[in-house]
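Where a number appears in this text, it was derived from the coordinates with a stated rule and is not lab data. In this text the structure is predicted, and so the values were computed from the model without any measurement. Glycine gets a Cβ as well: all are built from the backbone with ideal geometry, and neighbour counts include every protein chain shown.
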Amino acid sequence: MTSLSPMGWESETPPGAGVGLIDLAGIWRALNKRLGELALGVAIALAIGATVTLLTRPTFTATTTVQIDREQEKVVNTQEQTPVDNLSEEFFQTQYGLLKSRALAARVAESLNLLRDDGFINAMSAKPRGASAKPMTVDERRNEVVELLQAQEGVTPERGSRLVAITFTSPDPILSARIANAFAENFIASALDRRFESSSYARDFLEKRLAQVKAKLEESERDLVAYAASQQIIQLPSVGQPSTSEAGPSLAAANLESFNTALAAAKTDRIRAEQKWRQAEASTSVGLVEILQSPTFQALSQERAKQVAEYQNKLRIFKPDYPDMTQLKAGIDETDRQLSLEAANIRQSLKTQYQAALANEKALGGQVSGLKSDVLDLRGRSIRYTILQREVDTNRTLYDGLLQRYKEVGVAGGVSSNNISIIDRAEPPLAPSHPKPFLNMLLAGLAGILLGVAMAFVREAFDQAIRTPSDIETNVDLPLLGAIPMLKKNVDPKDALSDARSQMAEAYHSLRSALQFSTADGFPKTLMVTSPWPGVGKTTTAFAIAQYVGRLGFRVLLVDGDLRNPSLRELIGARGVLGLSSLLTGAAILKEIVQPTDYPNLFVITSGPPAPNPAELLAGSRLKLLIAEASAVFDMIVFDGPPVMGLADAPILGSVVAGCLMAVESGRTTRAQVRQSLRRMAQAGARIIGTVLTKYKTKSSAYGYGYGYGYGYGHEDWDGGETKGAQPRGISGVVARARRLISR
């Protein structure tokens, strides 16, 4: 619960609670309230964006895509003379820097003959036609062309690849494509030139070194040949390379190697033949492999098998001594004799083979023994020869390597292969790259929204007027008991209050309900309605409260407490001259000044004759006697009090009533005025039970006239006797319509 003390506001909410939190609802309400500023900001930004777009000269951007490899293509088997760490990111950054270099731009200008092209400078500089051109020197012209090329060139690496996009922007699409392609071509040419220049030093060095190594090689070869002739050393050519000068083994060593190989083969043959002979000699049967594999033996074995089969077949019919059987038996015996003879011949053949292999082995062994002595003698005489041969080989290897390197350097210096290649050549663009109307207007719209929001918040920051119920709740820290909508033009408040379906009637019904629960005992016994300034609507509010409470069956006395500027008589149409001033001066009693009205249970006391000193009359004891006497007769007394600011009447009257209701006019009353009025009332000891917002423009607000008090639940908007469905306006209206569409 919140109360007001003479020293200021007291609340159960701790000070600083909620400080630092973003009030999204407040921001939304501020923007919704300042739609005009928001629309103005958007309109200004869109106008500027459209103007800039229309005044911007169209330009065309052409793109050439090149590929930069980390290692160049190996046309020759050589390494770069200048080592490059092309595995790091620095390599690619260096290439990008070379693409943007001034030297490359100057090379492009020379290749396209742009230094003598006045049209290029005029087009790129956007000079108007007919403008006088200042004469420039050659250096100035060159600098301007190079600067124009560098300014409009773009280098964009494609992330995660070795591709690089080279762009150029100009007013002419054909010129843009030509220059973009020229940048790529000259970049490749400049890389080749750098390689050729780096190889020139290597060629000079290799030429001098080759001459020295060649002379040394020739001298070592002459020494080797002279020593070989003197020592009768004959070296055979290398195996497989008879045409080369490289020395192979000596003649004696070659012979020894040949005979030794033959001796090893002879030993193998002798061992194999001896093994076969030993097996044949030890065996008495025909189970030797050589016998069984003999074609003659196999044929005789098959013939014998046939004869045996035929003999056994006829034995079933004839006796063994039968002539045919005797003849078959003789044939079988002859076949057995031939088989034995064939086996003996095979055994003799194996023995002969063994003896021949043994003789061959002995002959080769003697030859090898003789060659060993020759080879050992040659080795003693070949020590010097080997040294000379090694020197020749070393000099020849060095000479061949230098010669090959010299040839590769010469080829690499003139080869056209490079680690940079063109993937897509630039084509003249069909549409301009700048300006981009859609993007410009989109950015202008966003900037306009930001500008409008800034204008709205600036306006909101400087606007101290209370316009919405949230302004009261946020800045006044008092309960808001009701929000009374503004009447249409030429509408009488009494007519609006008499129509139970009007906005004003519903609003005052809600205010009556809020007053009923403002105290523990229901309606306050005595209530004063006041305001910071006159013309706020406090008289209408006091009359409406008294009228609607009377409709509930309570006897209500409505008193016009504004003795300086009374208005209740005209609103109700009361008669008679006597009033409150008459009672306070002692000129009349209560029964004489109370007048009945046409409204049920409602009685009224007018202000009476003008009083020269209203503050003194209200401060007297007769006012308390009036309240005490009237409280015995009426259930509730409602005072239409005077305004607070500039007068002492309202604080005096507020100090003797049970509760005060502060009427605040929407859009006119400032926060400072309300605070100052409440502070004056609190200093006088008045008890403020709440506030009511009058003349509230519901259609221009996001709240609607209901504002949570129960009279926005389906009633129709009252408009001069005609009804129409009440619809929220502004951003809230759009959101509400969107929600209805989604719910369908």
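Would you mind checking the pairs LYS276/LYS372; LYS267/LYS372; LYS100/LYS407; LYS208/LYS407; LYS488/LYS525; LYS351/LYS372 and listing those with alpha carbons more than 25 angstrom apart? The partial results should precede the final answer.
Details: LYS276/LYS372 32 Å; LYS267/LYS372 18 Å; LYS100/LYS407 35 Å; LYS208/LYS407 14 Å; LYS488/LYS525 33 Å; LYS351/LYS372 32 Å.
Flagged as over cut-off: LYS276/LYS372; LYS100/LYS407; LYS488/LYS525; LYS351/LYS372.
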remark   = Lys and Arg at +1, Asp and Glu at -1: neighbours of LYS314 with Cβ under 11 Å from its Cβ sum to +1
note = At R0 = 56 Å the Cβ-Cβ FRET efficiency linking VAL458 and TYR201, nearest 0.05, sits at 0.20
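Would you mind calculating the gained length between GLN327 and LYS697 on full extension (0.36 nm times residue separation, minus the Cα-Cα distance), in nm to one decimal?
Full extension of this stretch gives 118.1 nm more.
In a shell of Cβ-Cβ distance under 12 Å around TYR201, excluding TYR201 itself, what net charge do Lys and Arg (+1) and Asp and Glu (-1) give? Write out the running numbers ahead of the final one.
Working: positive: ARG203, LYS208; negative: GLU197, ASP204, GLU207.
Around TYR201, the surrounding residues sum to -1.
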query = How far is the Cα center of region 163-233 from the Cα center of region 472-551, in Å?
reply = 101 Å
message = Test of understanding: what is the full-extension gain from PHE554 to ASP193, defined as 0.36 nm times their sequence separation minus their Cα-Cα distance?
response = 119.1 nm
note = Quick calc: nm separation of the 7 Å Cα→Cβ label points for THR56 and ASN122 -> 2.6 nm
message = With the crude spin-label approximation of a point 7 Å out along Cα→Cβ, what separation in nm comes out for ARG575 versus LYS591?
response = 2.0 nm
ask   = How would you rank 331-337, 630-636, highest first, on the average number of other Cβ atoms within 10 Å across their residues?
value = 630-636, 331-337
note = If R0 = 56 Å, then ASP69 and ARG278, at their Cβ-Cβ distance, give a FRET efficiency to the nearest 0.05 of 0.15
message = List residues of region 597-624, by number, whose backbone nitrogen lies under 13 Å from a label position 7 Å along Cα→C-beta of ALA648.
response = 613-620
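Where does each of MET325, MET136 land when they are ranked from fewest to most other beta-carbon atoms within 10 angstrom? Spell out each step's value before the answer.
Values: MET325 16, MET136 12.
Going from least to most buried by this count: MET136, MET325.
Looking only at Cα atoms, what is the convex hull volume of region 560-649 per residue, in Å³?
Working: hull volume 8.6 nm³, N = 90.
Hull volume normalised by residue count: 96 Å³.
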remark   = Rounded to 0.05, the calculated FRET efficiency for the beta carbons of GLN93 and LEU443 at R₀ = 56 Å is 0.95
